[in-house]
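The values are calculated or read from the model by the stated rules, or taken from the named source; none is laboratory data. Just so it is clear, the structure is predicted and the values come from calculations on it, not from any experiment. Neighbour counts run over all protein chains shown; Cβ positions are idealised from the backbone, glycine included.
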Amino acid sequence: MAKLFCSPARLKLLRLFVFNPSASFTAEEAAFRAKATAASARKELTALLAAGVIRRRGAGRDARYSANRHFVHFDALTRFLRETTVVGPQEVLAALRKAGSLRLVVLTGIFTGVIEPKIDLLVVGDRLDERALASAMRTIEANLGRELRFAAFSTEDFRYRFGVYDRLLRDVLDYAHQTILDKIGL
């Protein structure tokens, strides 16, 4: 897919703008969210601006970029990116493995097509490193082009919440979800 759009940075930036059409970002924010270097993000933003896919408001460091919804092929581009943007379970697990000892990972929301979910990802583990978990989430978000809502619990906390029928856990486990790792024995 990245070859089709010239570079992985351009594809991630396209997803960022197309999947968040009402948001605007500075060049630095766009680079951070797309996990691209500042130089490659500026280069790709210039190319997307020239193509008319995005627009710029302001100048210099204060310039903000947003999707150009009046771009002739915006709807077609949106459909194409939605249908071809897939982050599979193995990619999610690979990103999360650095966060600690994983015991349970459940996908819901954006991954399963559930409308208005509380969260998109449930992570249960032992000795979870918050910084590594945040970095893993940014990696997944950069590939998806959208912000994810997630919840992370220790195994002990999860067992307690599961035992008292916690509403968040019920909302995740009673509706469409995909368990991609289960060492707890749900």
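Residues in the range 144-161 that are free of Cβ contacts under 8 Å to residues at least 40 places away in the same chain, assigned to a helix (DSSP H, G or I) and buried (at least 17 other Cβ atoms within 10 Å of the Cβ): Arg161 only.
The set of residues in the range 109-118 that are under 16 Å from Leu181 (Cβ atoms) and either at pLDDT 90 or above or surrounded by fewer than 22 Cβ atoms within 10 Å (Cβ to Cβ) (or both) contains only Thr112. Reported count of residues in the range 14-31, each being without any contact (Cβ under 8 Å) to a residue 40 or more places away in the chain and not in a loop (DSSP other than H, G, I, E, B), is 5. Given the options Arg167, Arg131, Arg127, name the one that is exposed (fewer than 14 other Cβ atoms within 10 Å of the Cβ), without any contact (Cβ under 8 Å) to a residue 40 or more places away in the chain, under 17 Å from Lys35 (Cβ atoms) and not assigned by TED's automatic domain parsing to the domain that holds Ala31. One residue alone meets the criteria, Arg131. Checking each residue in the range 109-168 for being among the basic types (Lys, Arg) and within 16 Å of Lys98 (Cα to Cα) picks out Arg127, Arg131, Arg138.
Please verify whether Val72 is modelled with pLDDT of 90 or more and either crowded, with 20+ Cβ neighbours inside 10 Å or in a helix (DSSP H, G or I) (or both), treating the condition exactly as stated. So Val72 does not fit the description; no. Is at least one residue of the range 42-51 part of a loop (DSSP other than H, G, I, E, B) and either among the β-branched types (Val, Ile, Thr) or at pLDDT below 90 (or both)? No, the conditions are met nowhere in the range 42-51.
Picking from Ser101, Ser66, which residue would you name as being touching a Ser or Thr at 6+ places or on another chain (Cβ under 6 Å) and surrounded by fewer than 18 Cβ atoms within 10 Å (Cβ to Cβ)?
Details: Ser101 fails: touching a Ser or Thr at 6+ places or on another chain (Cβ under 6 Å).
Result: Ser66 is the single residue among Ser101, Ser66 that is touching a Ser or Thr at 6+ places or on another chain (Cβ under 6 Å) and surrounded by fewer than 18 Cβ atoms within 10 Å (Cβ to Cβ).
Annotation note: Cβ proximity below 8 Å between a residue of the range 95-120 that is more than 11 Å from Ala152 (Cα to Cα) and a residue that is in a helix (DSSP H, G or I) and of a type in the set (D, E, K, R) (sequence gap 6+ or interchain) occurs for Pro117/Asp171; Lys118/Asp171. When Leu93 is tested against (1) at pLDDT 90 or above; (2) buried (at least 16 other Cβ atoms within 10 Å of the Cβ); (3) within 18 Å of His177 (Cα to Cα), only condition (2) is not met. Selection within the range 68-89: residues that are touching a Lys or Arg at 6+ places or on another chain (Cβ under 8 Å) and touching a residue at least 24 places away in the same chain (Cβ under 8 Å). The member of this set that is farthest from Met137 (Cα to Cα) is Leu81.
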